[in-house]
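Note sheet for the following structure.
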Amino acid sequence: MNYRFAPNSDIQNAILNNTIDIGLTTDCPVDPDIQSEPIGEESLLLVTPRNIETPNWKTLCQLGFIDHPDARHHAELLLGANFEQYQAAQLRPIKQSGFSNQIGLILLPVSRGLGFTVLPANAVAAFAQQDSIKVHHLPAPVSETLYLSSLAGRELPQRAINVANIVKGHQQ
């Protein structure tokens, strides 16, 4: 079994190209050639360096944003629901302080005080240096739906069915 983390669009393209059997996304595919079913919810979290007690818009602007492939989407959902300043400006007034496309490295610059980011709870929980970051549960919590997707009309091999059943079982 091979697995990798990738942006939603990459997963959907891999399904369409028949290079993967199944994929987990947080964006419901609209392509009719992809069948998807919701299997759970995952919280989005604002993560700052550990010294930030209560983040406000000014603090976030001063810190800067640590970008990643799904960060703009995550920020739109979470910051848009919690900061009225975000509605008009989005991330434009916030400088980008870094970028990583490696899930295990996104929080490293945050832990070193270089900025903040928005990530799903599982990515935050997997970060080894928990004592160097601060997770903020904002007044308006936001979750993303997790979708299990595959190529429509394709009979999945038993290995993929087994993995899909295990994934679904862990989301119950």
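Apart from one condition, Gln12 fits all of (1) open to solvent by less than 50 Å² (accessible area, probe 1.4 Å); (2) in a loop (DSSP other than H, G, I, E, B); the exception is (2). Among the candidates Leu46, Leu16, the residue that is farther than 30 Å from Leu156 by Cα and not charged (D, E, K, R) is uniquely Leu46. Within the span defined as the range 80-87, one or more residues are touching a Phe, Trp or Tyr at 6+ places or on another chain (Cβ under 6 Å), without any contact (Cβ under 8 Å) to a residue 12 or more places away in the chain and among the small types (Gly, Ala, Ser). Out of everything in the range 101-114 that is closer than 22 Å to Ser143 by Cα and in contact with a strand residue (DSSP E or B) (Cβ under 9 Å, 6 or more places away or on another chain), what residue ends up being surrounded by the fewest Cβ atoms within 10 Å (Cβ to Cβ)? Once the filter is applied, the top-ranked residue is Ile103. Condition first: open to solvent by less than 30 Å² (accessible area, probe 1.4 Å) and either small (Gly, Ala, Ser) or in contact (Cβ under 8 Å) with a residue 60 or more places away in the chain (or both). Now tell me which residues in the range 122-137 satisfy that. Matches in the range 122-137: Ala123, Val124, Ser132, Ile133, His136. If you go through the range 36-73 and keep only what is touching a residue at least 24 places away in the same chain (Cβ under 8 Å), part of a helix (DSSP H, G or I) and surrounded by fewer than 22 Cβ atoms within 10 Å (Cβ to Cβ), you end up with Trp57, Cys61, Leu63, Ala71, His73.
The values are calculated or read from the model by the stated rules, or taken from the named source; none is laboratory data. Since we're looking at a predicted model, the values are computed, not measured. Every residue, glycine among them, receives a Cβ derived from its backbone with ideal geometry; neighbour counts consider all protein chains shown. Accessible surface is based on the protein model in full, side chains and every heavy atom, while ligands, DNA and RNA are left aside. Shrake-Rupley method; radii C 1.70, N 1.55, O 1.52, S 1.80 Å.
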